[in-house]
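Everything below concerns the one structure shown next.
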């Protein structure tokens, strides 16, 4: 999307307002939900343990609840990921950000990776849910990133996502990865950029590269910067 045409409301709707640190407490989730309501973020992205709290806080709003699955390493069993998604759905989640089996991908074990994604997609589709496949791009070669995108598309996912944000300092989303992922999936899937997006300039560079969702914990700061820059207001 061209940033020259992007309004504040549109940018907010693209953001998954995120709280995934292991030390996250209920007070953080309450604040996250309040900010999502206030700023009009499209979704929040949280651990399964907080979905029930978020559902209560967001009742009557359009903010979606995304729950992570197999987070952050992706090396749990497909059956466990499916159960995690199923329970989160029962509690109120409608979107699922799942981490692929990174080791299996690097081994080129396409059967395992595809089955892993399909297990979560099958659960999500029972309630018209969305699945975003986290490929952890910083740990992959260019060929592996392309393969991950192809398998996500084959398995019926809705998005590919760059990163967990937990692979290490400086190993979050990059413009280059977003461009590569967009080229790999074409217009068939969404692309979510996540990890290290801390300011308006970075957020807009990701949308220019082809991202249709942004995972951010600095979402409020990003929108406040957007308001004060040359970008148009939503009106």
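Observations on the structure shown:
- Close Cβ contacts (under 9 Å, 6 or more residues apart or on different chains) running from residues in the range 84-112 that are in contact (Cβ under 8 Å) with a residue 24 or more places away in the chain and at positive phi to residues that are surrounded by 14 or more Cβ atoms within 10 Å (Cβ to Cβ) and in a helix (DSSP H, G or I) comprise 92/51; 92/52; 92/54; 92/55; 92/58; 108/144; 108/147.
- Subset tally (residues that are at pLDDT 95 or above and surrounded by fewer than 19 Cβ atoms within 10 Å (Cβ to Cβ)) for the range 221-235: 3
- For the range 92-115, taking the residues that are surrounded by fewer than 22 Cβ atoms within 10 Å (Cβ to Cβ) and within 30 Å of residue 60 (Cα to Cα), the one that is nearest to the chain's Cα centre (by Cα) is identified as 94.
- Within the range 165-179, being outside any helix (DSSP H, G or I) and within 21 Å of residue 208 (Cα to Cα) holds for 165, 170, 171, 172, 173, 174.
- Per-region count, the range 59-81, residues over 30 Å from residue 7 (Cβ atoms), assigned to a loop (DSSP other than H, G, I, E, B) and free of Cβ contacts under 8 Å to residues at least 12 places away in the same chain: 2
- Some residue of the range 183-192 being touching a strand residue (DSSP E or B) at 6+ places or on another chain (Cβ under 6 Å), in contact (Cβ under 8 Å) with a residue 40 or more places away in the chain and assigned to a helix (DSSP H, G or I): no
- The range 41-58 - residue that is within 16 Å of the chain's Cα centre (by Cα) and surrounded by 20 or more Cβ atoms within 10 Å (Cβ to Cβ) and, of those, nearest to residue 195 (Cα to Cα): 45
- Extreme residue, nearest to the chain's Cα centre (by Cα), among residues of the range 59-82 that are under 17 Å from residue 13 (Cα atoms) and surrounded by fewer than 17 Cβ atoms within 10 Å (Cβ to Cβ): 62
- Within the range 108-127, the set of residues being part of a loop (DSSP other than H, G, I, E, B) and in contact with a helix residue (DSSP H, G or I) (Cβ under 7 Å, 6 or more places away or on another chain) comprises 127 only.
- Residue in the range 194-203 that is over 14 Å from residue 97 (Cα atoms), modelled with pLDDT of 95 or more, in contact with a strand residue (DSSP E or B) (Cβ under 7 Å, 6 or more places away or on another chain) and not in a loop (DSSP other than H, G, I, E, B) present: yes
- Across the range 15-40, the number of residues qualifying as crowded, with 24+ Cβ neighbours inside 10 Å and within 13 Å of the chain's Cα centre (by Cα) comes to 4.
- For the range 119-129, the candidate set comprises residues that are more than 10 Å from residue 69 (Cβ to Cβ) and in contact (Cβ under 8 Å) with a residue 40 or more places away in the chain; within that set, the residue that is surrounded by the fewest Cβ atoms within 10 Å (Cβ to Cβ) is 122.
- Qualifying residue in the range 133-154 (condition: within 30 Å of residue 30 (Cβ to Cβ), in a loop (DSSP other than H, G, I, E, B) and in contact (Cβ under 8 Å) with a residue 60 or more places away in the chain): yes
- Residue within the range 44-58 that is in a loop (DSSP other than H, G, I, E, B), in contact with a helix residue (DSSP H, G or I) (Cβ under 6 Å, 6 or more places away or on another chain) and closer than 27 Å to residue 13 by Cβ present: no
The values are calculated or read from the model by the stated rules, or taken from the named source; none is laboratory data. Fair warning: this is a prediction, and the values are worked out from it, not measured in the lab. Virtual Cβ from ideal backbone geometry, glycine too; neighbours counted across all protein chains shown.
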